[in-house]
Amino acid sequence: MISTEAETLRVVRVAGALGAMVTGLDLAQVREPEQLAGLRQALAEHLVVFLPDQAIDLDALERVTDLLGGRDVTPFVDPLPDRPFVIRVIKEPDDVLNFANAWHTDLSYLPAPPAFTLLHAREVPDHGGDTVWSNQYLAYEQLSGGLRHTLRGLRAVHSAGLAYGTDGLLDKFKDFTSMAIAPSPDAYKEHVHPVVIEHPETGRAALYVNPVYTTRFEGWSEAESQTLLTHLYRHAINENFTCRLRWAPGMLAIWDNRCTMHNALNDYSGVRREMFRTSVRGSEPTGAA
């Protein structure tokens, strides 16, 4: 049990690699950062936490986001008209595509990617639509010593162009989704991050490349980079590094983008799924010492 000033949390591990179910905390009543101390501890230990039956409105979702470190925008997706920091994650029954159906780390193409993502479920299918996360501490730690040493000396180029660029993938298939995607030539901008980063709170080293936003190693061509990156992507989502969430209405998931990847499965055709997402401001990734 983890105690805070206002609540007693129950934190139950859901998988060996990462993930925990957290109960005993009513986020609608949270007003001070100290009330989230136990939740932050659970996030540091389990990387992704699931809080069921959270009857929160968008005001409360944004308030919790602020208490965890402050709201951040999500580029290339139009937010709600009156809430610039909230995006609606929607799949209508006649949509073919769903949002985030590929292994990735949120917004790694930014100079300072978000520390955490919050995703609150409003309407979910009665089966399918699960999300899977993978532990990137383990992904790094279970590489060979020689490859770990090599990767610590590398930096990688990240860009949103493949997904969100003008004439990019989502622009080409915009008629297959109800998401408010806003393709832009700005998506082709590039930012460079260490391939192995040091988590600013835990100090642990994590692998930090992903197949959606990482394009190549700095100083290497895309062709030269592809073989090693493909090996890392396959290794990083080894089943032994993962956990999986079966969504329910009112479920809130919070995950740490600095040490996880995730994938929203698209196995629920013909039914509706609606969620609301915010991001917590992060800092520029630094290389592991």
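General observations
- Two-site FRET efficiency, THR23 against ASP82, from Cβ-Cβ distance with R₀ of 35 Å, rounded to 0.05: 0.65
- Length gained on full extension, LYS174 to SER283, computed as 0.36 nm times the residue gap minus the Cα-Cα distance: 36.1 nm.
- Relative contact order (percent, whole number), the chain, Cα cutoff 8 Å, 6+ residue spacing: 33
- Among SER184, SER269, SER144, residue whose mean-square fluctuation peaks in a GNM of the chain (springs only between Cα atoms under 10 Å): SER144
- Taken per residue, the accessible surface of segment 214-289 reaches 45 Å², heavy atoms only and a 1.4 Å probe.
- Relative contact order of segment 119-276, pairs being alpha-carbon contacts under 8 Å that are 6 or more residues apart, as %: 47
- Other-chain or far-sequence residues with amide H under 5 Å of TRP247's (modelled H): THR131
- Accessible area per residue in Å² at 1.4 Å probe, computed on segment 1-84: 46
- Distant-in-sequence amide H partners of TYR268 (H built 1.01 Å from N, under 5 Å): GLY129
- Surface share of carbon and sulfur [accessible, 1.4 angstrom probe, percent] for segment 1-84: 47
- Helix-only [θ]222 nm of the chain, DSSP H runs n ≥ 4, -39500 (n - 2.57) each, per residue, nearest 500: -5500 deg cm²/dmol
- For the chain, built as a Gaussian network whose Cα springs stay under 10 Å, the top-fluctuating residue of ASN263, ASN238, ASN135: ASN238
- Cα gyration tensor shape for the chain, rounded if a/c is under 1.5, else prolate or oblate: oblate
- Segment 174-289 - percent of accessible surface contributed by carbon and sulfur, probe 1.4 Å: 48
- Among GLU201, GLU190, GLU224: highest mean-square fluctuation, GNM of the chain, C-alpha pairs under 10 Å: GLU201
- The string of couplings for segment 93-110 from the Karplus curve (6.51, -1.76, 1.60, θ = phi - 60°) is x, 9, 6, 9, 9, 10, 7, 6, 8, 6, 5, 6, 10, 4, 6, 5, 7, 8 Hz, one whole number per residue in order, with x for Gly and Pro.
- Taken as Cα centroids, segment 116-188 and segment 193-251 sit 9 Å apart, rounded to the nearest whole angstrom.
- Counting only heavy atoms of the protein chains and using a 1.4 Å probe, HIS127 has close to 120 Å² of accessible surface.
- Distant-in-sequence amide contacts of HIS104, defined by a placed amide H-H separation under 5 Å and a gap of 5 or more residues or a different chain, comprise HIS262.
- A Stokes-Einstein calculation at 25 °C with viscosity 0.890 mPa s, built on the Kirkwood radius of segment 1-126 over Cα pairs, returns a diffusion coefficient of 151 µm²/s.
- The string of couplings for segment 10-15 from the Karplus curve (6.51, -1.76, 1.60, θ = phi - 60°) is 10, 10, 10, 4, 10, 7 Hz, one whole number per residue in order, with x for Gly and Pro.
The values are calculated or read from the model by the stated rules, or taken from the named source; none is laboratory data. Since the structure is predicted, the reported quantities are computational estimates derived from the model, not experimental observations. Here Cβ is always computed from backbone atoms with ideal geometry, including for glycine, and neighbour counts include all displayed protein chains. Only protein heavy atoms, including side chains, enter the accessible area calculation; ligands, DNA and RNA are left aside. Shrake-Rupley method; radii C 1.70, N 1.55, O 1.52, S 1.80 Å.
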